[in-house]
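Take a look at the structure set out below.
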Amino acid sequence: MRVFRTAGLAVTVAALALAMAACGSDTSPSTALQPTGGSSATSPGGGASGSPQPSGTSTAGGGGQVFGPGCSSLPSSGAGSLSSMASQPVATAVASNPQLSTLANAIKTAGLTDTLNNAQNITVFAPTNDAFNQVGQAQLNSLLANKTQLTQTLEYHVVPQRLSPSQLAGTHKTMEGQTLTVTGSGEDFTVNNTASVVCGNIQTKNATVYLIDGVLTPPGSTPSPAAT
């Protein structure tokens, strides 16, 4: 009997030791499976989403890349940047862009802010400040003082459909009623043989914008806001 009791006690002690060893080993796997350094949690913020926006890419859906030498002078963030303009209707986007302050003033003077902001799927050929400077201050003041002519001139810069770069070349009817003609291909386009696209395919909430280096003149407009 003593032999059997001793053997039974030994078996019990051995089983208890094995159970304790198993409990001790349970803590190791959970520690080993825990992410180290939290890298998977921090990489999205410090990776792609935290990186600067590529300077040649529009943020509007399906907008594709912007192009042209003038694109490099756009703000990289904040007002007037690609991401900011993409979230705004076109007249508001123009007003936020430092290269388009003269155009923004002309749009406001003509009373076209709501018209442009409420239009759907349009293309705007937007003269830069440098383009308006070529007109000459006296002639520009004369244009701004003539609301009818100013409205016609601005509406001549608007095509009532979105034109992608692949659709840009050709003759297009404008909001003013007459047509303009775009020649060129790739990243080199000229409007009416007088104004070149310096930054193209900028997306806004309701328009595609092409910055141009000249002010377009509606056919038959007098006096013409031509460069002096």
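We did not get these values from a lab; they are worked out from the coordinates using the rules stated. The model shown is predicted, which means the values in this text are computed figures rather than measured ones. Positions of Cβ are backbone-derived with ideal geometry, glycine not excepted, and every protein chain shown enters the neighbour counts.
Starting from the Cα of residue 205, step 7 Å along the direction of its Cβ; do the same at residue 115; then give the gap between the two resulting points in nm.
Reported label-point gap for residue 205 and residue 115 is 2.0 nm.
Amide H of residue 189: which non-local residues (sequence gap of 5 or more, or other chain) have their own amide H closer than 5 Å, using H built in the peptide plane?
Amide H neighbours of residue 189, under 5 Å, 5+ apart: 197.
Please figure out what share of the DSSP beta bridges in region 55-212 is antiparallel and state it in percent, rounded to the nearest 5.
75
Taking only the C-alpha atoms, wrap a convex hull around region 55-212 and report its volume per residue in Å³ as a whole number.
Cα convex hull per residue, to the nearest whole number: 96 Å³.
Grab the beta carbon distance between residue 129 and residue 169, set R0 = 30 Å, and tell me the FRET efficiency rounded to 0.05.
For residue 129 and residue 169, the calculated efficiency is 0.70.
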